[in-house]
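Below is one structure, written out as structure tokens, with a few remarks after it.
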Amino acid sequence: MVQFLGGVKVSTITAIATPHAVGGISVIRISGENSIEIANKMFKASSGKSVTEMQGYSCSYGKVFDDETELDDAVLTVFRAPKSYTGEDVVEISCHGGIFITNKILRTVISVGAIPAEAGEFTKRAFLNGKLTLTQAEAVMDLISSQGEQSHKCAVSIHEGALFKRIKSISDKLVTLLGELGAWVDYPEEDIPAVEANNLLVTLSSVLSALKATAATYDSGKIIRNGIDTVIVGRPNVGKSTLMNLLTGYERSIVTEIAGTTRDLIEESVRLGDVVLKLCDTAGIRQTDDLVEGAGVKLAYKKLENADLILAIFDNSLELKHEDFQLIEKLIGKKTIAIINKSDKESLIDKDFISENFNSIVEISAKSGDGIEKLKDKLEEIFYTNDIDVSAGVIVNERQKRCLDMAITSIKEAISALEIGETLDAVTVLIDETANFLLELTGEKTTEAVVDEVFSHFCVGK
Ligand code: GDP
């Protein structure tokens, strides 16, 4: 029997589902209509029972063979369609966790009939078979990459369908409305109550508020998921690279005594307490004739515009210079922590001036690590994320945000059209457009290109 999914003929796929590293066990996953037959060609159970006789959710201990050559002991688990992750027949082979042996078994699975899975293909099949919504599938990826407690909680709640339910409760309202509008326009002779423009306006406004409230979760969602987009700035030699190294815990930036050596933007994710910082160390901010460094400085200023947080570093051991004042001016109105570095040295800096210009100030010695705890406390104080109710569903990625923004634009247009007395037909088109953007967000109505894009970010084996 040929298997089809989304109108496309599908094969039985396989991949290593565990990390490509030495470990206690490795798992090779096979999914598709031939997976049980394929496993049967290479596995001999100690009990003598054939894989084809195994029930779903059952395991069997035995040996894996490549032709006549014994490769390893393994435990084989069978999941029968539709009760599996992908909704297809799935077999998982748990073997010893060596890289060589795992690859060897994978090659054997391929030699007896499976094809290598693409990135995210298992989860994509789960989505196409209706086992997951698109937002739930996206949450699978977030679960794998979650770095902190909040980001994990957030991924779990989306995986449990929180975002889907939140959006669906909004789109359902629109769909009901479209039904009423359609019935009234299409069957004027029937005794269907007219849709009152005023009532319609009330409903559309409440939908707009709900959409705006959902969109507002994006910033906290992004911070929970990706960490705080943080830029480290300061003129050369104040200790930006040293701080970056202290935070990342290893020599990542080039630290030298010569001013202006950090020319590129260096990015790194670090965790400080329950806060994850996505750090960007910039070229030293100063006036320069050096073209390469000049480009770096421009990039640094651009980064400042979009950052969630700026760590502005000043040198405790020197008086404030022209570039420091310039920087301080640029930082007015931005979420900034002023860091007075080199606290181990005699202080010549005008601390009062810093206090007058920044709400948050931390004194540290990036070299010795003194004061890092104070920085951590300050960050937790500013970005305390525990009070965000992730269980209500939050928007976590650009794709979801884009759909939501387009839905907001359409519903606003529908409201304006209604207010200026456009026909209900015209309003209906805009409501329909809004509903479509929401259905695209949840993946209920989506294009192949969108689905491919979502799953291309997955790893192979998931
Ligand atoms: P950047 O140009 O801002 O990246 O500055 P660097 O991190 O390269 O540091 C410049 C110099 O200051 C280096 O010699 C560092 O060892 C030194 N430095 C950085 N932080 C401290 C500190 O807290 N105390 C002292 N005494 N020296 C520091």
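No lab work stands behind these numbers, since they all come straight from the coordinates. Nothing here was measured: the structure is a model prediction, and the numbers come from that model. Neighbour counts run over all protein chains shown; Cβ positions are idealised from the backbone, glycine included.
An oblate overall shape is assigned to region 76-150, the ratio a/c of its alpha-carbon gyration tensor axes (a ≥ b ≥ c) being 1.5 or greater and a/b not exceeding b/c.
Backbone amide hydrogens, once placed in the peptide plane, bring Phe43 within less than 5 Å of Phe65, excluding anything fewer than 5 places away on its chain.
Working from Cα pairs under 8 Å separated by at least six residues, relative contact order for region 56-185 is 15 percent. The H on the amide N of Ile364, modeled in the peptide plane, is under 5 Å from the matching H of Ile340, Asn341, Lys342, Ser343, each at least 5 residues off or on a different chain. Of the chymotrypsin sites (Phe, Trp or Tyr not before Pro) in region 380-462, the ones in a loop by DSSP (not H, G, I, E or B) with at most 14 other beta carbons within 10 Å are Tyr384. In terms of surrounding Cβ atoms within a 10 Å radius of their Cβ, Arg271, Arg166 rank from fewest to most as Arg271, Arg166. Given axes a ≥ b ≥ c from the Cα gyration tensor, I'd like to know whether region 379-462 is rounded (a/c under 1.5), prolate (a/b larger than b/c) or oblate. Oblate, since a/c reaches 1.5 and b/c is not below a/b.
Taking other Cβ atoms within 10 Å as a rough exposure proxy, Ile115, Ile28 sort from fewest to most as Ile115, Ile28. For GluC sites (Glu not before Pro), the sites in region 316-416 that DSSP calls loop and that have at most 15 other Cβ atoms within 10 Å are Glu319, Glu346. Counting neighbouring Cβ atoms within 10 Å and putting the fewest first, the residues Arg235, Arg402 line up as Arg402, Arg235. Here the peptides 17-23, 127-133 are ranked by packing, the mean other Cβ count within 10 Å, and the order with the highest first is 127-133, 17-23.
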